[in-house]
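Notes follow the structure.
Bear in mind that the values in this text are calculations on the coordinates, not laboratory data. The model shown is predicted, which means the values in this text are computed figures rather than measured ones. Note that we place each Cβ from the backbone using ideal geometry, even for glycine, and neighbour counts take in every protein chain shown.
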Amino acid sequence: AEAETIFRECWKAEKKSLGETYPLTLNSLHNVACVMNVRGDHADAEVLSREGWEVQKKILGESHPDTLGSLNNMAVAVDGQGNHTDAEMLLQECWEAMKETLGEVHPDTLETLHDMAVAVKNQGNYDKAETLFRECWEIRKKTLGETHPNTLNSLNGLALVLHEQGNYVQGETLSRECFEMSEIVLGDNHPETLRRKEILNFV
C-alpha cells in the first residue's frame, strides 16, 4: 500500500509538471499498475497498463522496452482476471518482440516467458507449460544462478506442473529443492518461503 501511494504521488506530480505522455510519467503509471497487479487488483491494473501501452506505442514505438513492459503487465492483469487464453496470446506477442529487441536471455524476456508459462498452466495445458517453465528455468540458472529468486520462481512453477501431470516423485523432489533454497536465500519467514512450504506439504 505504501509503495502504491508513493508511485501514485509521483505519477500525479509528473502528470502536472511534465505532461501525461512524458516517458517519466508513463513509467510511474506503469509502476502503479505493477503494484496493483501484485496486490490482486487486476481489473484496474489492466486499465492503467492498457492506457500506458497505447500512449507508448504512439510515442516510443511498439517494440520499445517500456512499451513491451506495459504490454506484459497488461497481459498478467488479463490472466489474473481468468482470461488465460487472451493472456497467453498477448504474452506470446510480447515475448517474440522482446526476443527481437532485448535478446532471448534478457531478464525481461525471461519474465515474459515465465508469465506465459503461468497463463498456459492456468488453462490446464500442463505439457506445454512444463516445456515453457523448464526452458525459463534452464536459462535463468545459467544467466542468474540457481539460487536467484526468479530462478526459484520458475523451478516452483515447473514442480507444480509436474505434480499436475501426475509425476509426483519428480514434482516433490523439485518442490523440496525449491523450498530448501528459498530458506537459505530468502529466509524462513519470507512469504515466498512460507508459500513454498505449503506447496511442499501439498505435493
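The packing ranking of peptides 157-163, 87-93, 167-173, highest mean first, is 157-163, 87-93, 167-173, where packing means the average number of other beta carbon atoms within 10 angstrom of each residue.
Quick one: if you take sqrt(5λ) for each eigenvalue of the C-alpha gyration tensor of the chain, what semi-axes come out, biggest first, whole angstrom? Before the final figure, lay out each step's value.
Working: eigenvalues 196, 70, 47 Å².
They are 31, 19, 15 Å, listed largest first.
The distance between label points at residue 202 and residue 16 comes to 4.5 nm (points 7 Å beyond Cα on the Cα→Cβ vector).
Please give the net charge around residue 59, taking every other residue with its beta carbon less than 12 angstrom from that of residue 59, where Lys and Arg add +1 and Asp and Glu add -1. Can you show the working numbers first?
Working: positive: 57, 58; negative: 20, 54, 62, 66.
Value of the local net charge: -2.
Counting only Cα atoms, region 138-203 measures 29, 28, 13 Å along its principal axes, largest extent leading.
Neighbours of residue 179 by Cβ distance under 13 Å: Lys/Arg scored +1, Asp/Glu scored -1, total -3. The GluC sites (Glu not before Pro) of region 1-38 that DSSP puts in a loop, and whose beta carbon has at most 16 other beta carbons within 10 Å, are 20.
Around residue 140, under 10 Å between beta carbons, what's the net of Lys plus Arg minus Asp minus Glu among the other residues? The partial results should precede the final answer.
On the way: positive: 141, 142; negative: 111, 135, 138, 146.
Once positives and negatives cancel, what remains is -2.
Equivalent ellipsoid of region 29-102: semi-axes from √(5λ) of the C-alpha gyration tensor, largest first, are 19, 14, 9 Å.
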